[in-house]
Structure formats: structure tokens, C-alpha cells
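The values are calculated or read from the model by the stated rules, or taken from the named source; none is laboratory data. Keep in mind that what you see is a predicted model, and the values were worked out from it rather than measured. So basically every Cβ, Gly included, is an ideal-geometry build from the backbone, and we count neighbours across all protein chains shown.
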Amino acid sequence: MMEVFRLEEDSAQVKFPPPFVYIGFLLTGLLLDRLSGRTPDFIPVLDWIMVAGGIAALAGIFFMLAGSSRFRQLGNNLEPWKHANQIVSSGIYRYTRNPMYLGMALLYLGLALLFRSSWAIILLPAAVLVIRTQVIAREERYLAAKFGDEYLSYKARVRRWL
């Protein structure tokens, strides 16, 4: 039976699954391409564009898997509407505080390039802004309040993205 979405009191108070932001903006971009009459020919099929799209998509998958597997190994919740057990600062988290969100952004970029969607590329900064303001900012406030100096020290050592 499917678990009902329940916002925990001891959480970052994120009210939606972050992947939905990226999926929603990507699909909106693809739809806008179609409605505006832009064909994929607007972005030419050049080897380097296709290679860049493939590399970005693969890098995105790598970052998402590295981040989520480290969370699972340490028993932390992946869902930002649930409580955090600890600060995860090992593995990929030594280099970026948000590998899963970075991975989603890279996968989005890769797919936008591979689909040759100019609108999806134009909308990517908006998707990142929503993640930054509605997810990451809430998580950072929550982690600072819950873990104090331990989180603030980690935040000072490791960049948000890369």
C-alpha cells in the first residue's frame, strides 16, 4: 500500500518532491517548444552538442546515485520532508553539499540538449532557482538549527554546488 505523504514536524518543511520541479520545468520546456513551433532543428545536431548532452546526463546520474547511496548507507532519509539523522559529509558530500540536486540539474541539462529543446534550456535557471529558494534554503535553515556548529562548519568547508 502506498504511504501517504506526511510532512514531519522535525524536517526542513519541504512540501513537494524536488525531482518534480525538474521534471515539471523540463516537460514545460518541451511543450513550449512544440506550441511555439520551434522544431528541434533550432538547436543543430552537432556531434559536440550530443556528446555534451550525454556527458551532462551521465554526470547527473552519477551525482544522484552517489548522493542517494551515501544517504542510504548512513541511514539518512532521502525525503526532505522527513527528519535528518545526521550531517552527511563523507563520500561525494566532501565536494558538494547538494549532489542529488546538482545531479538532477545536470540530467535536466543533458536531456534538454539531447532533445534539442531551447525552451527547456531557457527554463533551467528557473528550475534551479525554485530548488535553491524552496528546497535548499529550507534545508540549510533546518540543518543549522538542528545541528548547529557541526553543520555551519561543514557549510563553511564545502560548496553548495561544486
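Below is a table of values for the structure above.
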{"quantity": "Residue under evaluation V88, criteria (1) under 15 Å from the mean Cα position of the chain (by Cα); (2) within 22 Å of V14 (Cα to Cα), criterion not met", "calculated": "(1)"}
{"quantity": "Output for the stretch 90-117, where each listed residue is within 16 Å of Y142 (Cα to Cα) and among the polar types (S, T, N, Q)", "calculated": "N98"}
{"quantity": "Pairs with Cβ under 7 Å, 6+ apart, first in the stretch 15-26 and surrounded by 14 or more Cβ atoms within 10 Å (Cβ to Cβ) and modelled with pLDDT of 95 or more, second not polar (S, T, N, Q) and not in a helix (DSSP H, G or I)", "calculated": "P18/P80"}
{"quantity": "Failed item, numbered, when M100 is tested on (1) out of contact with any helix residue (DSSP H, G or I) (no Cβ under 7 Å at 6 or more places or on another chain); (2) part of a helix (DSSP H, G or I); (3) under 20 Å from A12 (Cα atoms); (4) touching a residue at least 12 places away in the same chain (Cβ under 8 Å)", "calculated": "(1)"}
{"quantity": "Criterion (surrounded by 20 or more Cβ atoms within 10 Å (Cβ to Cβ) and farther than 30 Å from K146 by Cβ) met by exactly one of A120, A52", "calculated": "A120"}
{"quantity": "Residue ID - modelled with the lowest pLDDT, chosen from residues in the stretch 65-81 that are closer than 19 Å to E140 by Cα and not in a loop (DSSP other than H, G, I, E, B)", "calculated": "F71"}
{"quantity": "Residue that is modelled with the highest pLDDT, among those in the stretch 91-128 that are over 11 Å from the mean Cα position of the chain (by Cα) and polar (S, T, N, Q)", "calculated": "T96"}
